[in-house]
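Step one of this worksheet: look at the structure below.
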Ligand SMILES: [Zn+2]
């Protein structure tokens with residue numbers, strides 16, 4: 001007996017071709033990234049290096065140049081590595097170049113925040129499984145371990161102070177008491193008022209001009225100077241808290 005063929009075709013034969021792939025760690029396991037239709041469906045390959053998987057990514061940059069400014073945008077299908085590199089480059093550049101203009105100072109924080117939300121999407125892209133035709137971009141160091149990120153701590157710190165200061169000032173204002181809440185009613189020009197305390201003490205309150213209680217007509221000093229015999233109301237009786245309204249004695 002002599003075997004005609006050393007190997008007879010069996011019932012199981014792996015298909016030949018470039019796509020023959022032994023079941024590796026990735027083949028049988030379901031892809032952790034949801035394939036369900038979403039706002040970020042996986043694209044075929046990274047447009048920079050060709051690796052897969054890749055997803056649509058948009059990172060933005062901003063340059064302030066005192067008078068003019070530039071909005072930068074890098075958009076496309078990126079693998080996780082190239083997307084991270086693009087994010088870090090744009091973010092670091094914006095942290096240095098973004099602040100230089102009156103409008104740019106306001107725009108830059110929003111660009112940085114938009115990139116942070118893009119970063120959370122980038123982190124959801126699975127790491128490259130299929131290598132590309134060229135090496136991916138170098139992600140380099142994280143933004144805050146670059147000189148740009150360290151420099152940006154100054155404007156970011158100032159920004160944080162402003163953001164903290166606004167509610168703090170509002171709190172101080174509330175603790176100081178609302179206007180008129182501590183016995184200081186607000187007087188308006190043209191209305192009439194009465195002082196319930198003996199001058200020079202002031203306990204002013206608005207009264208109707210037709211009322212027999214009315215003693216003074218309230219005059220705004222910006223409309224004209226107070227008459228020589230007018231009283232000056234304390235500033236806390238004015239609407240803005242700084243104007244000293246004139247109190248012109250009503251003739252009886
Ligand atoms: Zn890539």
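Test residue 153 against the criterion of being under 16 Å from residue 96 (Cα atoms), at pLDDT below 95 and exposed (fewer than 14 other Cβ atoms within 10 Å of the Cβ), and give yes or no. Criteria met by residue 153. From the list 166, 172, 154, the one residue that fits, being without any contact (Cβ under 8 Å) to a residue 60 or more places away in the chain and in the same structural domain as residue 105 (by TED's automatic domain parsing), is 154. The condition of being modelled with pLDDT under 95 and either over 24 Å from residue 46 (Cα atoms) or surrounded by fewer than 19 Cβ atoms within 10 Å (Cβ to Cβ) (or both) holds for only one of 113, 164, 119, that being 164. Residue 75 fulfils the conditions (1) outside any helix (DSSP H, G or I); (2) within 16 Å of the ligand (Cβ to nearest atom); (3) assigned by TED's automatic domain parsing to the domain that holds residue 157; (4) buried (at least 19 other Cβ atoms within 10 Å of the Cβ) except for a single criterion, (4). Output the number of residues of the stretch 93-151 satisfying the condition of being assigned to a loop (DSSP other than H, G, I, E, B) and under 16 Å from residue 57 (Cβ atoms). Matching residues across the stretch 93-151 total 10.
Residues checked against (1) surrounded by 10 or more Cβ atoms within 10 Å (Cβ to Cβ); (2) under 17 Å from residue 249 (Cβ atoms); (3) modelled with pLDDT under 85:
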site: 184; (1), (2), (3): yes, no, yes
site: 193; (1), (2), (3): yes, yes, no
site: 225; (1), (2), (3): yes, yes, yes
site: 232; (1), (2), (3): yes, yes, no
site: 237; (1), (2), (3): yes, yes, no
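A quick yes/no check of all residues on (1) farther than 23 Å from residue 140 by Cα; (2) modelled with pLDDT under 90:
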| position | (1), (2) |
| --- | --- |
| 15 | yes, yes |
| 41 | yes, yes |
| 49 | no, no |
| 54 | no, no |
| 81 | no, no |
| 86 | no, no |
| 104 | yes, no |
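The values are calculated or read from the model by the stated rules, or taken from the named source; none is laboratory data. Keep in mind that this is a model prediction, so the values were computed, not measured. Virtual Cβ from ideal backbone geometry, glycine too; neighbours counted across all protein chains shown.
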